[in-house]
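S.K.: Here you go, one structure.
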Amino acid sequence: MLSRGTLRRPLAAAARLARAWARPQVLAFLATGPRQDNSVFYEIRTYDIKPSKMKEFVEMANKYFHLRSAHSEMVGIWSAELGAMNKVVHVWKYDNFAHRAAVRHALANDKDWQGKFISPALPLIEKQHNEVAYLVPWCQLGKPPKDGGVYEWVTFQMKPGGPALWGEAFQAAINAHINTGYTKLIGVFHTEYGFLNTVHVIWWNESPDHRAAGRHRAHEDARVVAAVRDSVRFLESQQNMLLMPLPCSSLK
């Protein structure tokens with residue numbers, strides 16, 4: 001026969017587990033680390049365009065995207081020049097998920113947007129993908145020092161665990177590149193929906209050659225090398241694209 005003490009132990013363990021599940025915000029913080037202390041998020045939309053239709057799509061976007069940005073704030077829209085082909089990336093800011101739902105409802109009922117852009121643009125698109133991402137807590141959305149230039153979009157696939165695991169080392173690597181002075185940080189985004197454990201970093205450079213020269217100098221900087229070596233232990237893979245802003249983009 002089981003003693004009362006033997007019976008109490010699994011009951012006590014179950015009670016502790018129930019109390020733990022009642023504190024999801026604490027568990028989430030421990031799992032992923034802190035993020036911005038508000039509900040603002042960014043939707044990253046990536047469109048693969050049919051190769052023969054890229055010019056037509058870009059012309060339509062430049063002509064009609066003001067209809068889209070009338071409904072919510074655009075961060076920017078770019079076309080890929082290097083690292084990908086026939087790809088368009090655009091980023092939208094939302095106050096919260098209710099705000100996005102209201103915007104999507106309004107867009108669905110906007111006859112100008114649907115008729116002038118959506119209907120003729122859909123046959124030009126091969127594939128669409130979207131992600132929801134938050135700015136990491138130590139980063140504010142930046143702007144380039146002047147119009148013109150090019151953008152580098154770097155995507156890091158991190159090991160599971162979130163910023164609580166890799167945040168400090170990743171921040172140190174980003175700051176080491178900033179401190180070299182050759183590039184301007186626009187934003188660091190950590191995904192919530194889409195490809196998880198993904199970080200997107202947007203940089204601005206005066207030109208592709210200016211970036212190449214700056215990268216060469218950075219690779220010879222002992223501080224950058226040390227910070228990068230410390231951060232790559234949390235890295236699964238990475239890729240980048242050189243992006244050109246469309247004339248209708250908020251970030252030029």
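S.K.: How much area per residue is accessible in the chain when the probe is 1.4 Å and only protein heavy atoms are counted (Å²)?
M.R.: Counting only protein heavy atoms, the per-residue value for the chain is 56 Å².
S.K.: Can you give the accessible area of LEU82, probe radius 1.4 Å, in Å² rounded to 10?
M.R.: Here the accessible area works out near 100 Å².
S.K.: On a 0 to 90° scale, report how tilted helix 163-180 is relative to the longest principal axis of the chain, with both axes built from alpha carbons and the result rounded to the nearest 10.
M.R.: It is inclined by approximately 40 degrees.
S.K.: Let me ask something else. Please determine, in degrees from 0 to 90 and to the nearest 10, the orientation of helix 4-21 with respect to the longest principal axis defined by the Cα atoms of the chain, where the helix direction is its Cα long axis.
M.R.: That works out to roughly 20 degrees.
S.K.: Give me a comma-separated list of calculated 3J(HN,Hα) values for segment 52-68, in order, Karplus coefficients 6.51, -1.76, 1.60 applied at θ = phi - 60°, integers in Hz, x for any Gly or Pro.
M.R.: 7, 10, 4, 4, 5, 5, 4, 5, 5, 4, 5, 7, 10, 5, 5, 5, 6
S.K.: Determine, from the Cβ-Cβ distance of ASP112 and LEU82 and an R0 of 30 Å, the FRET efficiency 1/(1 + (r/R0)^6), rounded to the nearest 0.05.
M.R.: E between ASP112 and LEU82, to the nearest 0.05, is 0.30.
S.K.: Moving on to the next point. Accessible surface of SER39 in the full protein assembly, 1.4 angstrom probe, to the nearest 10 Å²?
M.R.: Counting only protein heavy atoms, SER39 exposes about 60 Å² to solvent.
S.K.: Multiplying the sequence separation of ASP209 and VAL132 by 0.36 nm and subtracting their Cα-Cα distance, what value in nm do you get?
M.R.: 24.5 nm
S.K.: Largest first, how would LYS111, LYS53 line up by accessible area (1.4 Å probe)?
M.R.: Most to least solvent-accessible, the answer reads LYS111, LYS53.
S.K.: Right, next: Expressed as a whole percentage, what fraction of the accessible surface of the chain belongs to carbon and sulfur atoms when a 1.4 Å probe is rolled over the protein heavy atoms?
M.R.: 55 percent
S.K.: Something else now. Rounded to the nearest 0.05, what FRET efficiency is calculated for ASP230 and LEU122 with R0 set to 45 Å and r the Cβ-Cβ distance?
M.R.: Efficiency for this residue pair is about 0.50.
S.K.: Something else now. Taking semi-axes √(5λ) of the Cα gyration tensor in Å straight from the coordinates, which label in [x] 41, 27, 15; [y] 38, 28, 15; [z] 36, 23, 16 is the correct one?
M.R.: [y]
S.K.: Which pairs break 19 Å Cα to Cα here: LYS53/LYS252; LYS111/LYS252; LYS87/LYS111; LYS55/LYS127?
M.R.: Flagged as over cut-off: LYS53/LYS252; LYS111/LYS252; LYS87/LYS111.
The values are calculated or read from the model by the stated rules, or taken from the named source; none is laboratory data. Keep in mind it's a predicted model, so treat the numbers as computed, not measured. Ideal geometry is used to build each Cβ from the backbone, glycine not excepted, and the neighbour counts take in all protein chains shown. Areas reflect the complete protein model, heavy atoms only, side chains present, ligands, DNA and RNA absent. Shrake-Rupley method; radii C 1.70, N 1.55, O 1.52, S 1.80 Å.
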